[in-house]
Structure formats: structure tokens, C-alpha cells
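Presented below is the structure to which this report refers.
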Amino acid sequence: MHKGYSPQSIQRKLREEYVEVDMDFITNILNEYQTTPTTQIQYLIEKKTRHISPEELVDFNFRKKLLRYLISKGHDLSIASKEIEKKIRRQNDEVDEDNLF
């Protein structure tokens with residue numbers, strides 16, 4: 001949970017270790033930690049964008065790198081892409097508010 005792996009990725013890694021676990025078991029554990037794949041993606045995006053400027057976040061190459069990172073954790077491309085877009089919009093809104101004053 002703390003490493004940000006998706007439920008499917010966790011199941012795949014356990015299977016590699018010859019441990020068969022159904023998805024319901026993994027989902028129940030995620031629920032105990034009050035986390036979802038979307039919140040994991042949001043946390044990972046925040047972690048990777050903590051120290052970058054808003055201009056870097058809009059950079060196409062950085063976004064590709066961030067998407068590759070999220071996919072390497074086993075997350076869905078479409079959900080990861082949507083969450084990155086939300087982060088960019090929030091960051092742009094914050095920059096716009098700062099420019100008002």
C-alpha cells in the first residue's frame with residue numbers, strides 16, 4: 001500500500017512468489033487502509049511533483065515520464081492521465097490566484 005502499487009500489481013507480485021490471493025482479499029486490505037487506486041495515484045503524483053515548478057509540470061516530456069512511473073506501479077493509463085490533468089489544472093488555478101494579488 002505504501003509503495004503505491006495497484007491491486008493488480010500486488011496480485012501479480014504475490015503470484016510470482018507462488019502465493020495465490022484473490023482480488024477481494026487485496027481490496028479488503030486496501031479498504032482497511034482507506035485507500036483506492038485513485039488515491040494512490042494522487043499520492044504518487046504529489047510525491048513526484050512536490051519540488052517542480054508549474055512550467056515543468058506542463059512539459060510534455062515530464063508528463064510522459066510521470067505516466068511511465070505510474071504505469072510501472074501497475075496503474076491504469078487512463079486513470080493516471082486524468083489525475084495528472086487534474087493536478088495540472090489545480091496547479092494552474094493556484095498560479096492564477098497568486099497572480100491576482
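Before we move on, is I29 surrounded by 13 or more Cβ atoms within 10 Å (Cβ to Cβ) and either modelled with pLDDT under 90 or of a type in the set (S, T, N, Q) (or both)? Here the answer is yes, as I29 does meet what is asked.
Of the residues making up segment 63-81, none is at pLDDT below 90 and either among the hydrophobic types (A, V, I, L, M, F, W, C) or in contact with a Gly (Cβ under 6 Å, 6 or more places away or on another chain) (or both). The set of residues in segment 2-26 that are without any contact (Cβ under 8 Å) to a residue 60 or more places away in the chain, part of a loop (DSSP other than H, G, I, E, B) and surrounded by 10 or more Cβ atoms within 10 Å (Cβ to Cβ) contains only V21.
For segment 39-84, the set of residues classified as hydroxyl-bearing (S, T, Y) and under 12 Å from the mean Cα position of the chain (by Cα) consists of T39, Y43, T49, Y69, S72, S78, S81, listed by residue number.
Within segment 31-79, which residues are basic (K, R), within 24 Å of N92 (Cα to Cα) and either touching a residue at least 12 places away in the same chain (Cβ under 8 Å) or assigned to a helix (DSSP H, G or I) (or both)?
If we filter segment 31-79 for residues that are basic (K, R), which is where we start, we get 47-48, 50, 63-65, 68, 73.
Retained after the next criterion (residues that are within 24 Å of N92 (Cα to Cα)): 47-48, 50, 63-65, 68.
Of everything in segment 31-79, those that are basic (K, R), within 24 Å of N92 (Cα to Cα) and either touching a residue at least 12 places away in the same chain (Cβ under 8 Å) or assigned to a helix (DSSP H, G or I) (or both) turn out to be K47, K48, R63, K64, K65, R68.
Among the residues that make up segment 73-88, is at least one of them of a type in the set (K, R) and closer than 14 Å to H2 by Cα? The answer is yes, given that some residue of segment 73-88 is of a type in the set (K, R) and closer than 14 Å to H2 by Cα.
The values are calculated or read from the model by the stated rules, or taken from the named source; none is laboratory data. Predicted, not measured: the structure shown is a model, and the values here were computed from it. Neighbour counts run over all protein chains shown; Cβ positions are idealised from the backbone, glycine included.
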